[in-house]
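Below is one structure, written out as structure tokens; the observations come after it.
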Amino acid sequence: MTIGNDNSEIIDRFIDSMWLEYGLSKNTLSAYRSDLKQFSEFISEPQKDVSEAATLVQAQDIEIQRFLANCYARGVKSSSTARVLSTLRRFYRYMVREGVCSQDPTVNLSSPKLGRSLPKSLSENDVEALLASPDETTAMGKRDRAMMELLYATGLRVSELVNIELNQMNLQVGLVRVIGKGNKERLVPLGEMALDKLASYLEQARSDILGQRSSSAVFVSNRGTAMTRQTFWYAIKRYSKAAGLNVSLSPHTLRHAFATHLLNHGADLRSVQLLLGHSDLSTTQIYTHVARERLQSMHAKHHPRG
């Protein structure tokens, strides 16, 4: 393949190839173009005391290292810097494959270490205030209270919650059969409060919402269809405001609270992993940081020598 030294032409060829071969989205291709344009502009500027490369074809690992260091110095987030390096890796693999470059200058470069962000959680008092927000004199209020109680009692993903059907729930034994990621099934205990609120909703409120319509979904909307994640997300935000919680909430926040509060009360990590449906224990371990942070704060506040 013959490509000139013009950076714009090189980038265009790469973008076209990625679109043809992989059908990447416009947003992804736009990000690739932006990253490569920034790098090409950087290496085109004269630098002192370093080897210089005017084009992407000529670039060596030292130019890439210098560019990444510049990103760090400008305060660019590690996640954004890692994405840029990922773009360059893909670009230079393509260039080597096409015979334009004899070697890949990114091959020995390490990605920036990404600190794992701690999930937002709520205190137990905050959860109580949130769960008490729906007006349970109405059918919708009973539905929303049951949904939030179930979410907090089980740690379900919101997608799992809205997709529960009647045949997946057994109130007699207090279990719900959940179909999670990869169509993996797990049985999750409901807890007394969630059972009570579910029974109250299913007894009358659900049929009031449905009217003459029918649905296999447990949680239904006033259109007679299953609740959507978006609708429930808006409800959570509305109830958060009503409860006076000055935090940005999503349905996932209750999943985090479920895991954190279990660990705070002595549950072992393996049990929490099974309840959350995590395939890898390392995914669950992040919650130990949240629990540890809270325990340290509690110790500092209440211990005489804290």
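Bear in mind that the values in this text are calculations on the coordinates, not laboratory data. As the structure is a computational prediction, the values presented were derived from the model and not from experiment. Here Cβ is always computed from backbone atoms with ideal geometry, including for glycine, and neighbour counts include all displayed protein chains.
Just in the stretch 118-219: which trypsin sites (Lys or Arg not before Pro) are loop by DSSP and have at most 16 other Cβ atoms within 10 Å?
In loop regions of the stretch 118-219 (DSSP not H, G, I, E or B), the sparsely surrounded trypsin sites (Lys or Arg not before Pro) are Lys120, Lys184, Arg213.
Could you tell me whether the stretch 208-270 comes out rounded, prolate or oblate from its Cα gyration tensor? Rule is a ≥ b ≥ c as square roots of the eigenvalues, rounded for a/c under 1.5, then prolate if a/b exceeds b/c, otherwise oblate.
In terms of gyration-tensor shape, oblate.
Based on the Cβ-Cβ distance of Arg93 and Glu165, what FRET efficiency does E = 1/(1 + (r/R0)^6) give at R0 = 41 Å, to the nearest 0.05?
Once rounded, the FRET efficiency stands at 0.35.
Within the stretch 29-43, name every residue whose backbone N is under 15 Å away from a label modeled 7 Å from Cα of Arg66 along the Cβ vector.
Backbone N within reach: 39-43.
Give the shape of the stretch 54-103 as rounded, prolate or oblate, defined through the alpha-carbon gyration tensor: a ≥ b ≥ c are the square roots of its eigenvalues, a/c under 1.5 means rounded, and otherwise the shape is prolate if a/b is larger than b/c and oblate if not.
Because a/c hits 1.5 or more and a/b fails to exceed b/c, the stretch 54-103 counts as oblate.
What spacing in nm lies between the two simple spin-label points modelled at Glu185 and Lys26, each 7 Å away from Cα in the Cβ direction?
Placing both labels 7 Å beyond Cα along the Cβ direction yields 4.3 nm.
In a shell of Cβ-Cβ distance under 15 Å around Gln172, excluding Gln172 itself, what net charge do Lys and Arg (+1) and Asp and Glu (-1) give?
Here the count lands on -2.
Aspartates and glutamates within cross-link reach of Lys197: Cα-Cα under 20 Å, excluding same-chain residues under 8 positions apart?
Glu124, Asp126, Glu128, Asp135, Glu136, Asp144, Glu149, Glu160, Glu165, Asp208
If you rank Asp61, Asp35 by fewest surrounding Cβ atoms within 10 Å, what's the result?
Asp61, Asp35
Can you tell me how the stretch 139-271 classifies by the Cα gyration tensor, rounded, prolate or oblate, using a/c under 1.5 as the rounded cut?
It comes out oblate by the Cα gyration axes.
Which whole number of Å³ per residue matches the convex hull of the alpha-carbon atoms in the stretch 123-165?
Here the figure is 69 Å³ per residue.
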